[in-house]
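Inspection log for the structure reproduced underneath, given as structure tokens.
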Amino acid sequence: MISADDTAARIKVLDDYERTGIAWIWATDAEDRLIYLSPSADEHLEEGLASLLDKPLTELFEIDPDNSDRSDRPLQFQLKSRKKITDLPVRPIRQPGAPTPKESWWALSGHPLFDAEGKFQGYRGSTKDITQAYERAREDSRLAEYDSLTGLANRHRMNRKLESTLAAYKREKRSCALLMLDLDKFKQVNDTMGHQAGDDLLRQVAERLMAVVPSGCEVGRLGGDEFQIVMPDEDDRGKLGDLAEKIIQMLTSPYQLDGKRAIIGASVGISIAPYDGLEAEEIIHGADLALYAAKNSGRGTYRFYSADLKDVEQERQELLDDLREALATEQLALHYQPVVRTSDNAVVGFEALMRWEHPERGNVSPGVFIPAAEESDLINQLGQWALRRACEDALQWPENVRIAVNVSARQFTNKGFPAVVTQALAETGLAPDRLELELTETVFMGDSEATDQTFKTLKALGVRLALDDFGTGYSSLSYLRNAPFDKLKVDKSFVDSCTQKNENSAKIITAIIGLSEALGMDVTVEGVEAFDQFKLVTAKGAKYIQGWIYSKARPQSDILEIIANGGYKIEPSGPETYRPERRSVFRRIGVIHEDNRYNAVMRDLSQTGSRIEGLVGVPVGTGLVLDLGGGQLAVCTVRRSQDAIIGVEFETPLVSDGAGGLVTRHRVSPYALAAAGMPLAALPPGNYPSQMMGDGPKSAPQFLEVQVARGS
């Protein structure tokens, strides 16, 4: 039994301990309200001790939000668990009406108190001021977890953030997107302008990323020119694609580095948990593959991860090997698309477009093999071949018809390029003013003095120069002032949306046409396909048009036949109104109606609809769900139905995958599939349980499923 003297001695020791200021005693009641705090703590509180008593502890202190080890468990969670608290770093919260407290940190420790019946009575504990030690530890942690150059999180912190986020979100069945970024042409800036300029550029890149990335996301630099973004609770591929495009545009805006101008590019790869994987390693691997695919498909673009992105480097090398063989064995060809004068529909020139018919791959898009060639010296060989062949073919046309040849930035910056042009003109005998070299603004990313000299040499030869894709990037008016361009080309992307409401494309077209006329330059509008576009651009002053409304690109044999028949003029021909391109496909899909699933074949696809073959007797107006595989379910309505072919309209338009393909905004979560009886894993190709579809339409009859043989 404790005597009164023992109790008095214990109280005296406790009083002496509190007066030392080494630590303070605190206590709460059963509702977690503060009922006692050592008087010696008063001098460390701006608002005074009395104002704190009888208030919930969670209103008085908060855990450091930057302490990632504990930030996912707030103080309220710590207290409600009724477990022991040991040296938990907290900081006082400013109370209403009180002065702003000085930055201070306390280490909170405590034990839960229970009565004889096990009923919780409150906490009893101690706390002490750890401000200096904690701020030193925070600074050490910052140095260990943040990039010293940009101030962004480093690889270590980003990995830990992704792992902890995915672990927590797996329990809560939430999504998380990962974006991997790689800068294009950064090495060129480092090599030509120096490492100090490269460091300055990386700091500016970090600032631009922080400005454009939504709050709540973590942005990090993994090293070199690689960056990463973790986006919690985001799986909308439409929003992610828009953000990726915005990032690419922001990062390709010119940089001022020590009084000089530099332009770089960026590529983005995107993967999303839990659709593309459940663990951090899977999501990182998926984003890496998507990034490689974006870089190999032309750079300056983005890609989403998909299961068919396998060993991209090996595929790229095989493509280059095949391309070298194609160049040596005459597999490559040039097709020519006419440029037509709108006043009399007369053909004034042709643009040479490279085509490759691979014996196994089939038709390989220039958007695939040209970027791959640009990563190697092969682009110079391709460019030299195309220039020589185009000049040879143009000799067989009327003398007043020009030939336009695309020139990559890598070709243009090659010191021997003017000699290549000179040789092609000399050997073929083509008049220099009939040759038009089409360039993009990327030619200005190199040595400005060398670029200026190349321009002067080419103009001295008498060839014409055109600035292609004008307005799509951050085209500077200084290009037009300093470079001797003869023509601007309005990019197809503006024409595609020029007739849509709430779009500025028509105004941009008007501005470019007006600018070119003021500078005494020709202007060609590309990509006109329908009469509503044709009427709009001609009303805006377009004098030259290149697009399907006049003709697609055709081989030399077709061009010669047209010329032989007196076809110096082409009448415009096409649909009255433009609609988004429908891609011809052959894709096996599932069609879900009520609790039934049918096999069918998708024959073409656009953002807003599709043509499907394989079902007979589907009434117009029937609601269906298309299983496109990989968790992609598209709700649609039948708008046309004839025999075994139906045309459907999507309830929600599809979005771009960054590589010319289309995908659904959202996918069925693996967690939902697991609830429906499937194993929890990254998304399988297709065949999802009918209970995932909801109720669905109930009025339509059953359909007859027919076998569809593969056709052209």
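This table checks each residue for (1) farther than 22 Å from S408 by Cα; (2) not in a loop (DSSP other than H, G, I, E, B).
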{"site": "E282", "(1), (2)": "yes, yes"}
{"site": "L289", "(1), (2)": "yes, yes"}
{"site": "A293", "(1), (2)": "no, yes"}
{"site": "R303", "(1), (2)": "yes, yes"}
{"site": "R316", "(1), (2)": "no, yes"}
{"site": "L320", "(1), (2)": "no, yes"}
{"site": "R324", "(1), (2)": "no, yes"}
{"site": "D344", "(1), (2)": "yes, no"}
From G122, G198, residue being surrounded by 18 or more Cβ atoms within 10 Å (Cβ to Cβ), at pLDDT below 95, part of a helix (DSSP H, G or I) and among the small types (G, A, S)
G198
Inspect all residues belonging to region 324-332 and state whether any of them is on the phi < 0 side of the Ramachandran plot and either buried (at least 23 other Cβ atoms within 10 Å of the Cβ) or within 26 Å of the chain's Cα centre (by Cα) (or both).
no
Checked against (1) modelled with pLDDT of 85 or more; (2) more than 25 Å from A333 (Cα to Cα); (3) open to solvent by 20 Å² or more (accessible area, probe 1.4 Å); (4) touching a strand residue (DSSP E or B) at 6+ places or on another chain (Cβ under 9 Å), W385 satisfies every condition except (2)
Out of (1) open to solvent by 20 Å² or more (accessible area, probe 1.4 Å); (2) in a helix (DSSP H, G or I); (3) not acidic (D, E), what's the single condition that is false for L278?
(2)
Hits in region 631-666 - residues which are in a loop (DSSP other than H, G, I, E, B), more than 14 Å from S306 (Cβ to Cβ) and touching a Leu at 6+ places or on another chain (Cβ under 7 Å)
A644, L654
Exactly one of V638, V620, V616 is free of Cβ contacts under 8 Å to residues at least 24 places away in the same chain and open to solvent by 10 Å² or more (accessible area, probe 1.4 Å), and that residue is V620
E318 passes all but one of the listed conditions (1) in contact (Cβ under 8 Å) with a residue 60 or more places away in the chain; (2) of a type in the set (D, E, K, R); (3) surrounded by fewer than 20 Cβ atoms within 10 Å (Cβ to Cβ); the exception is number (1)
Go through region 482-565 and tell me which helices (runs of 4 or more DSSP H), entirely inside it, have 1 or more residues that are within 22 Å of E576 (Cβ to Cβ), touching a residue at least 12 places away in the same chain (Cβ under 8 Å) and open to solvent by less than 40 Å² (accessible area, probe 1.4 Å).
492-496, 505-518, 531-539
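Quick grid of which residues meet (1) of a type outside the set (A, V, I, L, M); (2) in contact with a helix residue (DSSP H, G or I) (Cβ under 7 Å, 6 or more places away or on another chain); (3) modelled with pLDDT under 85:
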residue	(1), (2), (3)
A307	no, no, yes
K310	yes, no, yes
E315	yes, no, yes
L319	no, yes, yes
A326	no, no, no
V340	no, no, no
D344	yes, no, no
G349	yes, no, no
A352	no, yes, no
Could you tell me which residue of region 214-233 is farthest from K187 (Cα to Cα), considering only residues that are hydrophobic (A, V, I, L, M, F, W, C) and either part of a loop (DSSP other than H, G, I, E, B) or over 15 Å from the mean Cα position of the chain (by Cα) (or both)?
C217
Residue list for region 477-502, restricted to those being more than 24 Å from the chain's Cα centre (by Cα), modelled with pLDDT under 80 and either more than 19 Å from E526 (Cβ to Cβ) or among the charged types (D, E, K, R) (or both)
L477, S478, R481, N482, A483, K501
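Looking only at residues that are assigned to a helix (DSSP H, G or I) and small (G, A, S) in region 235-268, which one is surrounded by the fewest Cβ atoms within 10 Å (Cβ to Cβ)?
G238
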With the requirement that a residue be touching a strand residue (DSSP E or B) at 6+ places or on another chain (Cβ under 7 Å) and loosely packed, with under 13 Cβ neighbours inside 10 Å, what does region 584-613 give you?
S584
Could you say which residue among D393, D344 is in contact (Cβ under 8 Å) with a residue 60 or more places away in the chain, of a type in the set (D, E, K, R) and touching a Lys or Arg at 6+ places or on another chain (Cβ under 8 Å)?
D344
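Does R355 satisfy the condition of being open to solvent by 60 Å² or more (accessible area, probe 1.4 Å), part of a helix (DSSP H, G or I), of a type in the set (D, E, K, R) and at negative phi?
When the stated conditions are applied, R355 does not pass them.
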Which numbered condition trips up K170, out of (1) part of a helix (DSSP H, G or I); (2) open to solvent by less than 50 Å² (accessible area, probe 1.4 Å); (3) in contact with a Leu (Cβ under 8 Å, 6 or more places away or on another chain)?
(2)
When region 394-417 is checked residue by residue, the ones that are open to solvent by less than 30 Å² (accessible area, probe 1.4 Å), in contact with a strand residue (DSSP E or B) (Cβ under 7 Å, 6 or more places away or on another chain) and not aromatic (F, W, Y) are A394, V401, I403, A404, V405, V407
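The values are calculated or read from the model by the stated rules, or taken from the named source; none is laboratory data. None of these values were measured; they are calculated from a predicted model. Cβ atoms come from the backbone with ideal geometry, glycine included; neighbour counts cover every protein chain shown. Surface accessibility is based on the protein's heavy atoms, side chains included, excluding ligands, DNA and RNA. Shrake-Rupley method; radii C 1.70, N 1.55, O 1.52, S 1.80 Å.
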